[in-house]
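What follows is a single structure, written as structure tokens, with notes after it.
The values are calculated or read from the model by the stated rules, or taken from the named source; none is laboratory data. This one's a predicted model, so the numbers in the text were calculated from it and none came from an experiment. Here the Cβ is made from the backbone with ideal geometry for all residues, glycine too, and neighbour counts use every protein chain on show. Surface areas here come from the heavy atoms of the whole protein model, side chains and all, with no ligands, DNA or RNA. Shrake-Rupley method; radii C 1.70, N 1.55, O 1.52, S 1.80 Å.
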Amino acid sequence: MEYERTTDDEELTEWERADGNATIRLRERADGQFAVRYDQLHQAEGGRAYAYETVESREAAEELVAAWQADAPA
């Protein structure tokens with residue numbers, strides 16, 4: 001499923017999946033590392049689910065975003 005970049009500023013970059021049920025957010029932390037969060041709305045008892053990882057560089061963060069976008073279930 002396609003993702004659209006919905007926010008892109010100095011503080012964060014965020015993509016929203018075409019169906020509106022998932023977002024991926026990338027931001028630089030105060031310590032210079034990068035945090036990437038994948039948040040998906042599930043139709044299940046558990047409700048929302050998310051993954052969160054911290055990486056050393058923006059390049060590594062963007063690679064993680066691309067991997068999550070490619071592997072995300074439709």
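Yes/no per residue for (1) open to solvent by less than 70 Å² (accessible area, probe 1.4 Å); (2) part of a loop (DSSP other than H, G, I, E, B):
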{"site": "Glu4", "(1), (2)": "no, no"}
{"site": "Glu10", "(1), (2)": "no, yes"}
{"site": "Thr23", "(1), (2)": "yes, no"}
{"site": "Asp31", "(1), (2)": "no, yes"}
{"site": "Tyr38", "(1), (2)": "yes, no"}
{"site": "Thr54", "(1), (2)": "yes, no"}
{"site": "Ala66", "(1), (2)": "yes, no"}
{"site": "Ala70", "(1), (2)": "no, no"}
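Residues in the range 33-73 that are farther than 19 Å from Tyr3 by Cβ, at pLDDT below 95 and either touching a strand residue (DSSP E or B) at 6+ places or on another chain (Cβ under 9 Å) or of a type outside the set (D, E, K, R) (or both): Gln43, Ala44, Gly46, Gly47.
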